[in-house]
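Okay, structure first, notes after.
The values are calculated or read from the model by the stated rules, or taken from the named source; none is laboratory data. Since the model is a prediction, treat every value here as computed from it, not as a measurement. Note: ideal-geometry Cβ built from the backbone for every residue, glycine included; neighbour counts use all protein chains shown.
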Amino acid sequence: MLFSAMVEVRTRYIQPVMFTCEVKGEPVSTGHRMRVNEFAAIVGPRSFRCGSCGEIHTWTTKTAWLGEGPPPSFAPARAEAASETQSV
Ligand SMILES: [Zn+2]
């Protein structure tokens, strides 16, 4: 129950849009902040000036993610937990 409550919080609150810098290979903020439903509604690429390397990067909802920290693909434990929740 506690886990589902945390997911609820994560989906309702405005979070930073993060992207992996193509030059340095590390997570950077795009400067955008939005809710999950707003992020999911984005169509097409967007650009931002990287705070890490200073270059312009282009991101889409497939290459960017919401929330602080590393991209979801770096946290397989969380993905397993999510698929478990869906199967119940
Ligand atoms: Zn960069």
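Restricting attention to the range 10-32, the residues being assigned to a helix (DSSP H, G or I) and in contact with a Lys or Arg (Cβ under 8 Å, 6 or more places away or on another chain) number 2.
Results for (1) surrounded by fewer than 11 Cβ atoms within 10 Å (Cβ to Cβ); (2) at pLDDT below 65; (3) over 14 Å from the mean Cα position of the chain (by Cα), shown as yes or no for each residue.
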{"position": "GLN15", "(1), (2), (3)": "no, no, no"}
{"position": "MET18", "(1), (2), (3)": "no, no, no"}
{"position": "CYS21", "(1), (2), (3)": "no, no, no"}
{"position": "HIS32", "(1), (2), (3)": "no, no, no"}
{"position": "VAL36", "(1), (2), (3)": "no, no, no"}
{"position": "PHE48", "(1), (2), (3)": "no, no, yes"}
{"position": "PRO72", "(1), (2), (3)": "no, no, no"}
{"position": "ALA82", "(1), (2), (3)": "no, yes, yes"}
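Within the range 39-53, which residues are in a loop (DSSP other than H, G, I, E, B), under 13 Å from VAL28 (Cα atoms) and either within 7 Å of the ligand (Cβ to nearest atom) or among the hydrophobic types (A, V, I, L, M, F, W, C) (or both)? Selection gives CYS50, SER52, CYS53. Cβ-Cβ distances below 6 Å connect the following pairs, each with a first residue in the range 53-65 that is more than 15 Å from GLU38 (Cβ to Cβ), a second residue that is among the small types (Gly, Ala, Ser), and a separation of six or more residues or different chains: ILE56/SER47; THR58/SER47.
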